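Here is the structure we will look at.
What follows is calculated from the coordinates using simple rules that are stated; it is not laboratory data. Treat the numbers as computed from the prediction; the structure is a model and nothing was measured. Glycine also receives a Cβ, built like all others from the backbone with ideal geometry; neighbour counts cover every protein chain displayed.
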Amino acid sequence: MKNFSAYRSAFLCLFLLISLPVLMLCCSKARSATSDAHDTLAQLTELLADKSISAQSRYAVINRIANVFYSEGRTDDMVLFLTDWVETHPGDTYDSYWLYMVASNYLKDGAEPLAEYYYERIINNFPDLLVDGKSIHFSCLEHLIQISKTSANRITYFNRIISDFSKEVSITEMYLRLALEYENVGEWDMALKS
């Protein structure tokens, strides 16, 4: 029994001796990655403070800051940064895109009421913007139709898609879905008209 205990102690010591450098290396890499992200954010913030940068460069810097926060798992910081930017820079060409990133983050996290708030804020208060050839307003309306809890809201969204984006959708399908929503609220005349 003494031999087994001695072997176990020796094995435990050997395991710790082997594991310790690996753990130290992992911790060092994690600290290094955090330090790199912090340095990157500091440099980007300094660039953003430069009033002479072009709108395209400013867009690239803000987008990079948001992506650094996101990749670090700091989505709350990303949301705070983007919403603060929109509030302090009204009229920025890309405000609708920044809020779209916020809304999409909330949707991904399952916070649908917050996502709905931001999608509605975008379509009601900000000009449309094309991202990768697709309208942000159209994307917001698609998401709103999926997450909205009331037929009255979905009726508004379907009507908006039909009036603003009829070339982007199957108009027959939109009218059918609109008619079903009118039925849900007892608007039989509007259901038949749709």
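Taking 7 Å along the Cα-to-C-beta vector as the label spot, tell me the Arg74-Asn125 distance in nanometres, rounded to one decimal.
Here the modelled spin labels are 2.6 nm apart.
Give Lys51/Lys134; Lys108/Lys167; Lys108/Lys149 a once-over and call out the pairs whose C-alpha atoms are over 23 Å from each other.
Lys51/Lys134; Lys108/Lys167
Got a sec? Charge dipole of the range 35-194, +1 on Cβ for Lys and Arg, -1 for Asp and Glu; which of Ile65, Ser139, Ala191 is way out at the positive end?
Looking along the dipole axis, the top candidate is Ala191.
Give me the base-10 log of I(q)/I(0) for the range 125-185 at each q in 0.30 Å⁻¹, Debye formula, one uniform scatterer per Cα, rounded to two decimals.
-1.35
What's the Cα-based Rg to Rh of the range 62-194, Rh via Kirkwood?
Taking Rg over the Kirkwood Rh, I get 1.04.
Apply 1/(1 + (r/R0)^6) to the Cβ-Cβ distance of Leu176 and Glu112, taking R0 = 25 Å, and write down the FRET efficiency to the nearest 0.05.
For Leu176 and Glu112, the calculated efficiency is 0.55.
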